[in-house]
1. Just the residues that are in contact with a Phe, Trp or Tyr (Cβ under 7 Å, 6 or more places away or on another chain), assigned to a loop (DSSP other than H, G, I, E, B) and more than 13 Å from A:Ile209 (Cβ to Cβ), please, taken from region A:139-153.
2. Of the residues that sit in region D:99-122 and are under 20 Å from D:Arg236 (Cα atoms) and touching a Leu at 6+ places or on another chain (Cβ under 9 Å), which one is nearest to the other protein chains (Cβ to nearest Cβ)?
3. Of everything in region B:129-146 that's of a type in the set (Gly, Ala, Ser) and more than 18 Å from the chain's Cα centre (by Cα), which residue is farthest from the other protein chains (Cβ to nearest Cβ)?
4. Kindly indicate the residue of region A:293-331 that is assigned by TED's automatic domain parsing to the domain that holds A:Ala177 and basic (Lys, Arg) and also farthest from A:Ser193 (Cα to Cα) among those meeting that condition.
5. Any residue in region D:212-240 that's at the interface with chain C (Cβ under 7 Å from one of its Cβ atoms): show its pairings with residues that are buried (at least 21 other Cβ atoms within 10 Å of the Cβ) and in a loop (DSSP other than H, G, I, E, B) at Cβ separation under 6 Å, as long as the two are six or more apart or on different chains.
6. Within region A:264-285, which residues are away from every other protein chain (no Cβ under 14 Å) and not aliphatic (A, V, I, L, M)?
7. Could you list, in sequence order, all residues of region D:180-204 that are in a loop (DSSP other than H, G, I, E, B) and buried (at least 24 other Cβ atoms within 10 Å of the Cβ)?
4 protein chains.
Amino acid sequence: MKLALIGAGRIGKVHAQTIASHPEVTLAAIADYHAPAAEALAAQYGTRALSAEAIFADEDIDAVLIASSTPTHADYLEQAARAGKAILCEKPIALDLARTRDALQVLAAHPVTCALGFNRRHDPQFAALKQALGEGRIGHLETLSIISRDPTPPPTEYIGASGGIFRDMTIHDFDMARWLLDEPITHVHAEGSCLIDPAIGEAGDVDTIMVTLTTASGRLCHISNSRRACYGYDQRIEAFGSAGMLQAQNETKTRLRFTGEPGQIEEQPLWFFLERYAEAYRREISDFVDAWKQGHTPLAGAEDGLEALRLAEAAERSLKEGRRIALDDIH
Amino acid sequence: MKLALIGAGRIGKVHAQTIASHPEVTLAAIADYHAPAAEALAAQYGTRALSAEAIFADEDIDAVLIASSTPTHADYLEQAARAGKAILCEKPIALDLARTRDALQVLAAHPVTCALGFNRRHDPQFAALKQALGEGRIGHLETLSIISRDPTPPPTEYIGASGGIFRDMTIHDFDMARWLLDEPITHVHAEGSCLIDPAIGEAGDVDTIMVTLTTASGRLCHISNSRRACYGYDQRIEAFGSAGMLQAQNETKTRLRFTGEPGQIEEQPLWFFLERYAEAYRREISDFVDAWKQGHTPLAGAEDGLEALRLAEAAERSLKEGRRIALDDIH
Amino acid sequence: MKLALIGAGRIGKVHAQTIASHPEVTLAAIADYHAPAAEALAAQYGTRALSAEAIFADEDIDAVLIASSTPTHADYLEQAARAGKAILCEKPIALDLARTRDALQVLAAHPVTCALGFNRRHDPQFAALKQALGEGRIGHLETLSIISRDPTPPPTEYIGASGGIFRDMTIHDFDMARWLLDEPITHVHAEGSCLIDPAIGEAGDVDTIMVTLTTASGRLCHISNSRRACYGYDQRIEAFGSAGMLQAQNETKTRLRFTGEPGQIEEQPLWFFLERYAEAYRREISDFVDAWKQGHTPLAGAEDGLEALRLAEAAERSLKEGRRIALDDIH
Amino acid sequence: MKLALIGAGRIGKVHAQTIASHPEVTLAAIADYHAPAAEALAAQYGTRALSAEAIFADEDIDAVLIASSTPTHADYLEQAARAGKAILCEKPIALDLARTRDALQVLAAHPVTCALGFNRRHDPQFAALKQALGEGRIGHLETLSIISRDPTPPPTEYIGASGGIFRDMTIHDFDMARWLLDEPITHVHAEGSCLIDPAIGEAGDVDTIMVTLTTASGRLCHISNSRRACYGYDQRIEAFGSAGMLQAQNETKTRLRFTGEPGQIEEQPLWFFLERYAEAYRREISDFVDAWKQGHTPLAGAEDGLEALRLAEAAERSLKEGRRIALDDIH
C-alpha cells in the first residue's frame, strides 16, 4: 500500500514511524499545513513532502492517513473519498453531529475503505478481553467499568478548542463501551467537576467526570475520566458477568519488583498513549491494510465515530441539565 | 462489659462467637423472639436465655447488642436507651426515615453509648485506606469507586422484606462513601436493572445497580453492586487523588499460587462476609467496649445510620424518576 | 485438656496467649526456672505458678508444653514421658544426636502423645501447598525451593549458644523439606558465608547459607537462609513438578495498594514469626489436642526432630569439609 | 553496517528478521552449509545468498553474525577476525576450553569488535535489575537466585551433540551470574538428575540441575534448571542484599486477568525464548552496531564465553565427582 500521511504533528510523527517499519506499506508522501514540518518529516523517512491537494491528485497513491488538526478532518476525508483513496482518519471526524453526518454521506456516495483511529480497539489486551467476552468466558455480560486517566492535562488553549472533555477524551471510552457492550445504548447520565485546574473550568470545561450508560437489555456501564493521574496513563477495563470477571490492567515497562522500603514495589504504569498503545498503532495500520486489500470492514469505521459523538453529546447535555438523557433524543 | 445479645439468628451467632472470645466482654444473656433459638445458643456459650424485657430490666447488664430482625431494631433500641444500656445495633435502625428519626430523638433524650453495625468501617484494610487518606497519601481526594458484590442473591422472600437493594445492600457502600469522602454529599444518581433473576424483578426490586454521588466540593463517587458474583464476595474500593491512588483489594484465604494449565492462578476471593469481615466483627466489638469505657463516640453511630438511609432513599427516588436527586430534597 | 506450660520466655508467652483463647484447653499451671517470670505470666492468665517438678507430679494435669531454654528440653521431655503426660515440645529436643536419641528411647519406653513444635507445618498456606502436592496438582514433584530469612539477626550471645545456623534456623527448612519431598533424603551439600555481621563469624557461625538436598529418586531441593532481611520475615516455598508449579508467597497485613511515587506499592511482608505464624500456633495446639484425644500421631513428632537434626549435622559437616555428605554417614 | 548472516537455521531466522527491521543495518548476504536454506532466506529478505568464504572475501561487508551450528563457530570466528570483520557470534564459541582459547588468541592477534550472543544481558528487565544493583538499590548484594526452565526438552539427538546441559543451557545462567555477581566466582557445586525423560539419561545427560556458586567475598548464587516447564519459559532472577530484594519476574502477553472458576487467573508466562527475548535480540544487534561504530566493548564478548564455559566445566566435574570444585582448578 502506498500511503500518504496528512499531518506532521505529534500523532502524525507516531504514524510516520509505524508506517516506516511496516513491511507492507510505503510512506508515499507527507503533507502538512505548515510545509516545513512536512518537509522535515519527509526527509527523516526518505519520502516526499507534497500538498494535500497533490496527494489526492496523485493516482499512484492508494491511501491517506488523516492526522491533521481536528477541524480539517471532515474536509480531507471528503476529498479523499472523492479521489477514491482508502482512508484512515484520526478521530473525531468532526466535533459536531451535522458535519459528521455530511461526511458520512459523502462516504456513502464514494465507497472507499474508511477506518477511524479508535486505536484502543487494536490494543492487544483490550482485544483479548473482547475475544474472551465473545467466547462467553464470563457468561452474560452485565456491567462494564472503564477507567481512563491521562498523566497530565493538555495546555489550556488545547482545552478551549477540544470540544470539551466528552468529545475529546471520553469519546475513546464511549467507543470502547459500544464495542464491548455490543448492544444499543439507550440512556446516558454524566457528572463532572473541575478539580484539577481552575483554568480548565474558566475555559468552560470540566476535568473529572463519571458517566453511566444503560443499554437496551439493562446492562450498566461506568466510565471514569481524569485529566491528570500523577502515576501515568491509567487505562483499565473491568467486565463483569454471570460466570466471572475480566480485568484489563495497566501495563509496565518491565515486571521488575523491589522489596524493601517502603514496601513491595512494581513499576508505575506506562506514561502515556505513545508507550501504552505503541503496539495498537502498529495493529491499526495492519488492520487498515488488510481491510483495503481484502475488501472487508475495518475494526472501527466512520459510523463508529458518529455513534461515539452522539454519546458525547448526550453526556454533555446530561451534565448541563442535571438529568439522564435518552440517546434517542440525540439527533 | 456485661453484654446481652438480642437475636439468635445468623448474624446473632456471629456476634455470640466474637463476644465469647473477647477478653473484656461477658456474654450475659441471649434473647430471641423464638425462645428455643435463644436457649440453644445460650447453652452453647454457657450463658442464660432471657426475654428482651428481662434483659432491659436486669441492672447487672451493661449493654445490649441488637441483632434481631430489622423491623424490631428501633423498638429495642429505644427500650435499651430508656433502660440506660449501651447499645450496639445492627444496621439499619429502621427502613424508613421517620421511624429512624424517632429513635434518634429517644437517644437524644437518653444519651447512652450507641454504635451502629457498619462493620466495614472496622475492616483492617478499609481502615488502613481511611488512615492513608487522612495522612494525605494521595493528596486531595478527587474520586472514589466502591464495588460491592454478594456471592449469591438472598431468597426471594428476603428481597421482599428487605426494603430494596439500596436500603439493604448499597447502604453499606453509602456509609463507606460518607466516611471516606468526608464532606457533604449533595446529589445522587442511580441506575438499576434486574439481570440476575426475574423473581427479584417480580418482587419489585433490581439486582444490579450503579450509583453516582457528588459532594459539595465536586468530588465524584461511583458505587457498583451486584447481588451475585460467582467467584465470591467482591469488596473493593479505589480512591484517586492529586498525588496517587489507593486500592483496597479482595482478600484470599492464602497467597498460594499455581502456575500451569490454565495460567497463573491465585485463590478466589473469600466467599462471603463471615470470612471477609471476621476481623472487622472483632474490632467492632472492641471499638464498642472502648467507646463505652472511655465515653468517646463509636466509629459509627445512629446518626450515620440516618444519613446512609437518606442516600438510599435518594437513590431509590433517582431510579424511579430517572433523574439526579438533590440530597437536600430528602427529608 | 489441662495443659501446663514450662517456660515463660518469649515463645512461652506466645503459647500462653494461644492456649488461653483455645476453647478446649485450660492453662493449668506455668513453670519457669526464674520463678517470678512464671508468677507474672500465671497472674496475667489467671492460673498458678508451679515448679516443673510439681507439674509432673500433679495427676490432674494432662499435658505439658515445653517452651523452656533448649538445653532443658530433653530432660523435661523425659520427665514428662515418665509422668505419663502428653507432650508438646518446642524444637529442638537437643542440639546433638546422641542426647536426642536417648530422649527418643525414653519416649519409646513410655509411649505418650508427643508433638514437636515445627510450627510451619501448621501454617495454612504451607498446609495448602502440602495438600495440593498430595492431590497431584503439579504431577510429579521434581524440585523444591525454600527461602527463609529472618528480619534481624539475634543477639551475638544467642548465636554462640544456638548450635549454629543449621541447627537453629535451617532446621525448620530441613523439616519442611522432609515433609514436602516425602521420600528419603540421601545427600546434603552446604555453602555458607558471614556477610551480615562479623561478630557472627567471630562466634564461629555463618549468617547466609545455601543448602542443596538430593533425594533417593533424584529430586533436588534448594534452601536459602539469611539472618537479616530488611523488609521483614521472608518465608516462601516453590514446588515444581511435571504438571506445574506451586508458590507459597509472603503474606501482608492487608492487600492495600498505593500507586504513585515511586511506583505500585503493596505492603511489606509481615515482620516476624509472631505475625506470620500466629494462625500456625493456634493450629499447632489444636492438632496436639486432637492427637491426644483421638490417639493419633501429631503432624510433627519427636522422630521428625531427630531427622531434621541429622540434616543439620550433615550440612554443618558439608560446610566444614567443602564436600557433599551422604546422609547415611550421619549417625 | 553491512552485516552478513552465516547460518539460516532457527536462530538465524530470528536474527534475519531482527536485522531486516533495524534502521542502521543492511542484511548484506546470507550463507548456510545447506545452500538452499540460505537462498530461501535471502529471497525472503531481498538479499544475496553467498558462501561463507565469499562473505569473508567481500570487502564491502562490515560484519558477520555467526549463527551456524556450534561446531563451526570457532572456525568462522577465526576466519572473520582474520578478514577484519566485526563479529557477533552465537554462544558458545566452542564446547571445549582449548578450542575456545585458540579462538581467543586469534582474536587477540586480529583485534575486531567481537560480541557474543548472550542475549539475556540485553533483556530490558534483566538490564533494569543490573542497573538497580549498580545504583545500590539493594545495598550490598549477598545472594542471587536464577531460575531457568525451558518449556519442552529438545530432541534427544540434540541432547547428544549439545555438550551436556551445563554447556548448552546453564551456560546462559553462568553468564548472568558472572554479570550480576560482579566479582570472581571461586567455587562451583552441582547436583543433577534425570527426572523428565529417561532418553536424556541414556544420552549421558541430566535434565534437572541445581548449582551453587561461591564468590571471592562469600556471595552465594543458586541456579536451578529444568528442561521442561509445562507452563512455558520460566526465566526469573532474584537478587537479595542488605537493603532489599529485586525480582525479575516472568512476562506475559497481556495483563488480562480473569476471576471465576478456578480462581484469579493471569496468563501463562511467554512460551519460549523467541517471545521472551524478542526485544533482547533487537537490543543485541543495536549494542553490536554501537560497539562497532564507536569502538567500545560490546555488552558480552568472547572472554565472557570462555569464562562461562569454565563454570560449565566445573559444574560437570562437580556432578561427576560429587564434590565442590575450585574454579582455579579449571584450566
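1. A:Pro151
2. First, the residues of region D:99-122 that are under 20 Å from D:Arg236 (Cα atoms): D:117-122.
After this cut, where a residue has to be touching a Leu at 6+ places or on another chain (Cβ under 9 Å) as well, the list is D:117-118, D:121-122.
Values: D:Gly117: 21, D:Phe118: 18, D:Arg121: 14, D:His122: 13 Å.
My answer is D:His122.
3. Narrowing region B:129-146 to residues of a type in the set (Gly, Ala, Ser): B:132, B:134, B:136, B:139, B:145.
With more than 18 Å from the chain's Cα centre (by Cα) added as a condition, the list becomes B:132, B:134, B:136, B:139.
Details: B:Ala132: 7, B:Gly134: 14, B:Gly136: 12, B:Gly139: 8 Å.
Taking the candidates together, the pick is B:Gly134.
4. A:Arg310
5. These pairs meet every condition: D:Gly218/C:Leu195; D:Tyr231/D:Gln268.
6. Step one: filter region A:264-285 for residues away from every other protein chain (no Cβ under 14 Å), giving A:272-274, A:281, A:284-285.
Selection gives A:Phe272, A:Phe273, A:Tyr281, A:Glu284.
7. First, pick out the residues of region D:180-204 that are in a loop (DSSP other than H, G, I, E, B): D:182-184, D:194-197, D:203-204.
Within region D:180-204, D:Leu195 is the sole residue that qualifies.
For every residue, the table says whether it meets (1) basic (Lys, Arg); (2) within 23 Å of D:Thr254 (Cβ to Cβ).
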{"position": "A:Ala86", "(1), (2)": "no, no"}
{"position": "A:Glu90", "(1), (2)": "no, no"}
{"position": "A:Val106", "(1), (2)": "no, no"}
{"position": "A:Pro155", "(1), (2)": "no, no"}
{"position": "A:Tyr158", "(1), (2)": "no, no"}
{"position": "A:Asp173", "(1), (2)": "no, yes"}
{"position": "A:Arg178", "(1), (2)": "yes, yes"}
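The values are calculated or read from the model by the stated rules, or taken from the named source; none is laboratory data. On a predicted model such as this, the values are computed, not experimentally measured, just so you know. Cβ coordinates were reconstructed from backbone atoms using ideal geometry, including for glycine residues, and neighbour counts include every protein chain displayed.
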